[in-house]
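Following: one structure in structure tokens, then a few remarks.
What follows draws every value from the coordinates through simple rules; no lab data is involved. As the structure is a computational prediction, the values presented were derived from the model and not from experiment. When we count neighbours, we look across all protein chains shown, and the Cβ atoms used for this are built from the backbone with ideal geometry, even at glycine.
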Amino acid sequence: MQQYHNLVANTLSEGTYKPNRTGIDTIASFSESYTIDLSKGFPLLTTKQLDGYRWDSLIHELLWYLSGKEHIRELSKKTGIWDAWADEKGRLDTAYGRFWRRYPVPENGLPGETWPDDSHRWMTVETPASADAGPRRTFDQIGYALDQLRENPHSRRIVVNAWHPANAAVSTLPPCHYTFVFNVQGETLNVHLTQRSGDIALGVPFNIAAYSLLATAVAQRTGFELGEFGHTVVDAHVYCGAGDRGEWYAQNLGRLQDRLEEVTAKEEYRRVREWLLETAPAEQSDSNQLDHVPNLLEQLARESRDRPEISVADVPLDDLTAEDIELLGYESADSLEFAVAEWWQTQQSHQR
């Protein structure tokens, strides 16, 4: 998938060295955008392996978003992708699907504001488990989007938002992919995703596939042809290691980028990779593969294969299960391993 390869190449070639809160340094670029034509096949990356347990994790995570649940008790049985951030009861302070399906609505709001009453069709008044708390008013954004696409498809207001500033200010990990818009052009349904932060090696391939799957399911249920997936990543970054390995990039990123500028054919990325591994200090044992640059260079050297297809059973969106989704005709290059910076940071804090 050339759009993804362009994202990798642009960030490595033009990005800047940028330390961050995880303790794993990055090479980052600003406001990377692209579109992918979903009518030409399902955009699951083929220059590394993303089927098997990775695909299962992706599906179960998306279904968890659609469930609107604030806990991961069922999700944990299928994938440990969120386990490090949950409390002892399996609850998360991160929004995502909870806000997709249950966005909190104020009781009165500020003077001059207009809010739906309790009888509004996308509103729910939830009774809390504790008698000490009052009822909560929530709004189903996915239900709203589906109904608008059926009843008012030319609307430019079909927006789903997982960001609440007050939640984000104190949440352990506020949403990275925080808002998306459904947009109809002619007979086609398009989706545009904006994310504030994107881990290019690990997160972005999942984001592309998950939202393309969501677009497929929604188009199928609202009678539209599948159009394009648009994607904007505000801070697109490649993790480049901890300790001496990460600091090496602070002094040598220019040298790496000079070599990348000389690349004229895909296989030449492997020469850059060999130079990097010979020149940079070894990664420390507890942070192995937190430097994502070498394996991304390997991906750039690989040829993309034909896109697979996706089959989604014709059932209501709320009834969709993992068994209703089938990946067809997927062939990929060998697997490449990348360590998760967020997970490493969490483990380090637990050891202190």
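The value obtained for segment 227-303, namely the Cα convex hull volume divided by the number of residues, is 135 Å³ per residue.
Inter-part distance, segment 211-277 to segment 90-167, computed on C-alpha centroids, equals 34 Å. With each label modelled as a point 7 angstrom along the Cα→C-beta vector, the S171-Q257 pair spans 3.2 nm. Label zone (E113, point 7 Å along Cα-to-C-beta; backbone nitrogen cut-off 12 Å) within segment 165-208: 165-166. When the convex hull of its Cα atoms is viewed from all sides, the chain shows a mean projected area of 20.0 nm².
Checking a compactness column here: for segment 140-260, what do you get for Rg(Cα) / (2.2 N^0.38 Å), N being the number of residues?
Working: Rg = 18.5 Å, N = 121, 2.2 N^0.38 = 13.6 Å.
Ratio of Cα Rg to 2.2 N^0.38 Å: 1.36.
Distance cut-off 31 Å, Cα to Cα: go down the list K18/K78; K18/K48; K40/K266; K48/K77 and report the pairs above it. Result: K18/K78 exceed 31 Å.
For segment 295-336, the residues whose amide N sits under 16 Å from a probe point set 7 Å from the Cα of Y53 along the beta carbon direction are 335-336. Across segment 35-184, the relative contact order, built from alpha-carbon pairs under 8 Å that are at least six residues apart, equals 19 percent. Show log10 I(q)/I(0) for segment 134-196 at q = 0.14, 0.22, 0.28 Å⁻¹, two decimals, from a solvent-free Debye sum over equal Cα scatterers. Debye intensities relative to I(0), on a log10 scale: -0.51, -0.94, -1.18. Histogrammed with a bin width of 5 Å, the alpha carbon distances of segment 102-177 distribute as 3, 13, 16, 21, 23, 15, 6, 2, 1 percent, first bin at zero. Coupling constants for segment 73-79 follow from the phi torsions by the Karplus curve (6.51 cos²θ - 1.76 cosθ + 1.60, θ = phi - 60°), and in residue order they are 4, 6, 4, 4, 6, 9, 7 Hz; glycine and proline get x.
Using the Kyte-Doolittle scale, find the helices of the chain whose mean hydropathy is at least 0.0 and whose Cα atoms extend 24 Å or more along the helix's long axis, counting only whole DSSP H runs.
On the way: long enough: 203-222 (28 Å, 0.77); 243-261 (27 Å, -1.48).
The answer, listed by residue number, is 203-222.
Overall, the chain carries a charge dipole of about 520 debye about its Cα centre when +1 sits on the Cβ of Lys and Arg and -1 on the Cβ of Asp and Glu, all other atoms neutral.
Counting charges near W115 (Lys, Arg +1; Asp, Glu -1) among other residues having Cβ under 13 Å from its Cβ returns a value of -3. Sorting 209-218, 111-120 by their mean Cβ neighbour count within 10 Å, with the most densely packed peptide first, gives 209-218, 111-120.
With 10 angstrom as the radius, rank H154, H5 by how many other C-beta atoms surround their C-beta, starting from the fewest. Please list the in-between numbers first.
On the way: H154 10, H5 18.
The fewest-first ordering by Cβ neighbours comes to H154, H5.
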